[in-house]
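Asker: Attaching a single structure in structure tokens format; questions to follow.
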Amino acid sequence: MTVNYYPGASRAYDYSSRYEGDVVTPNCGVLHTTEGTSLPSYGSGAEAPNITAKPNFAKKQLDFYQHYAFNRSARALVNLAGGVETNTLNCIQIELVGTCDPTHAKSWNGAKAGTDYIYWPDAPEWALDSLAAFLAWQYKNNGIPLSGPNTWLAYPSSYGKTKARMSYSEWNNFTGWCGHSHVPENAHGDPGDIDFAKLISLAKAKAKVPGDPSGESSTGGTSKPKPMPPFPGASYFGPGKNNSHVTLLGKQLVKKGFGRHYTSGPGPKWSDADRQNVADFQRSRKELRGDPDGIPGPLTWRLLFS
């Protein structure tokens, strides 16, 4: 049975008496951005999602406003007659107040990103954390998997018919979380290149999911995550170093897809390929982009092995 309302969400803008919607059993969710800085009117519910998350900068949290129960179809997607079902195909829709447009990455009509509004591809930690709590709740209460597409294109390249847009069959078989930019029959490009990998990682931690969306091992029962190897110290890495920690680092870089500079190995002797691969990984993470020196520190190590 679907749990219909998010705890603490305001019902001040509940449109269910105006638009009843179809009964759904949700198994997926769609992330939108409102492309505005205030709670939209949604045409008095005619174009509303199930729920809206509005930044509360004073409290550093998202305030939630629920418009439709989670077992009722929302109305924020294009749903053409005679095509695939979008709004009514078992999806929960959430609008995130803010923007994914990089022209507003720093400022917008005198307002400052991160202080007055959210540019979601570079959302503050507290905003992603609050959104992750919502996804974790949906996983635990409504069974929506904490997974989704690998490709989240930056706006405006995410607009229209792109490689990220699902086919009808892909959409019909989809479970997990996606963006408006992935839904067929729609041209919208929101929420752009939101940090989906980090969002899902945070949600899994909150939901205590040990490594995969089901939390189940292939042999049955609950799998246990492998413990993170302790960071040995930066002194073990760099020119002239030769030890097992260099090998462990290299193997994890390859596992994470950051081994392109290796022509052999990885091995115990530090090389410039190690430095370049670490620097590539550091540039890929927002938390590390300011210091891509190619030498792993505690934060680089933790992110690489998480």
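Asker: Which ones in the range 1-41 are open to solvent by 50 Å² or more (accessible area, probe 1.4 Å), aliphatic (A, V, I, L, M) and assigned to a loop (DSSP other than H, G, I, E, B)?
Answerer: Residues satisfying the conditions are Met1, Val3, Ala12.
Asker: Moving to a separate point now. Quickly run through the range 37-84 and pick out the residues that are farther than 24 Å from Ala187 by Cβ and either among the acidic types (Asp, Glu) or touching a helix residue (DSSP H, G or I) at 6+ places or on another chain (Cβ under 8 Å) (or both).
Answerer: Those that are farther than 24 Å from Ala187 by Cβ and either among the acidic types (Asp, Glu) or touching a helix residue (DSSP H, G or I) at 6+ places or on another chain (Cβ under 8 Å) (or both): Pro55, Lys60, Gln61, Leu62, Asp63, Phe64, Phe70.
Asker: Please indicate, with yes or no, whether at least one residue in the range 98-116 is of a type in the set (A, V, I, L, M), open to solvent by less than 20 Å² (accessible area, probe 1.4 Å) and closer than 27 Å to Arg165 by Cβ.
Answerer: No; the residues of the range 98-116 include none that is of a type in the set (A, V, I, L, M), open to solvent by less than 20 Å² (accessible area, probe 1.4 Å) and closer than 27 Å to Arg165 by Cβ.
Asker: Quick one: count up the residues across the range 65-83 that are modelled with pLDDT under 95 and either open to solvent by less than 10 Å² (accessible area, probe 1.4 Å) or closer than 16 Å to Ser16 by Cβ (or both).
Answerer: 0
Asker: Please go through the range 119-161 and give me each residue that is open to solvent by less than 10 Å² (accessible area, probe 1.4 Å), farther than 16 Å from Asp195 by Cα and part of a loop (DSSP other than H, G, I, E, B), ordered by number.
Answerer: Correct list: Ile144 only.
Asker: For residues that are open to solvent by less than 60 Å² (accessible area, probe 1.4 Å) and modelled with pLDDT under 90, scanning just the range 262-278, find the one that is farthest from the chain's Cα centre (by Cα).
Answerer: Gly267
Asker: Name every residue in the range 81-101 that is among the hydrophobic types (A, V, I, L, M, F, W, C), over 20 Å from the mean Cα position of the chain (by Cα) and farther than 17 Å from Glu170 by Cβ, in order of residue number.
Answerer: Within the range 81-101, Ala81 is the sole residue that qualifies.
Asker: Can you pull out every residue in the range 48-64 that is open to solvent by 50 Å² or more (accessible area, probe 1.4 Å) and within 23 Å of the chain's Cα centre (by Cα)?
Answerer: Lys54, Phe57, Lys59, Lys60, Gln61
Asker: So which residues in the range 5-59 are of a type in the set (A, V, I, L, M), farther than 29 Å from Ser107 by Cα and in contact (Cβ under 8 Å) with a residue 60 or more places away in the chain, if there are any at all?
Answerer: Val24
Asker: Now for a separate question. Just checking, how many residues over the range 191-209 are in contact (Cβ under 8 Å) with a residue 40 or more places away in the chain and outside any helix (DSSP H, G or I)?
Answerer: Selection size over the range 191-209: 6.
Asker: Are any residues in the range 73-98 charged (D, E, K, R) and touching an Asp or Glu at 6+ places or on another chain (Cβ under 7 Å), and if so, which ones?
Answerer: Within the range 73-98, just Arg75 meets the criteria.
Asker: Please verify whether Phe258 is open to solvent by 20 Å² or more (accessible area, probe 1.4 Å), within 15 Å of Leu304 (Cβ to Cβ), touching a Ser or Thr at 6+ places or on another chain (Cβ under 8 Å) and among the hydrophobic types (A, V, I, L, M, F, W, C), treating the condition exactly as stated.
Answerer: yes
Asker: Taking the range 166-185 as the search range and keeping residues that are open to solvent by less than 30 Å² (accessible area, probe 1.4 Å) and touching a Ser or Thr at 6+ places or on another chain (Cβ under 7 Å), which one is nearest to Ala81 (Cα to Cα)?
Answerer: Once the filter is applied, the top-ranked residue is Pro184.
The values are calculated or read from the model by the stated rules, or taken from the named source; none is laboratory data. Quantities reported herein were computed from a predicted structural model and do not represent experimental measurements. Cβ: placed from backbone, ideal geometry, glycine included. Neighbour counts: every protein chain shown. Quick note on the areas: whole protein, heavy atoms, side chains included, nothing else; ligands and nucleic acids left out. Shrake-Rupley method; radii C 1.70, N 1.55, O 1.52, S 1.80 Å.
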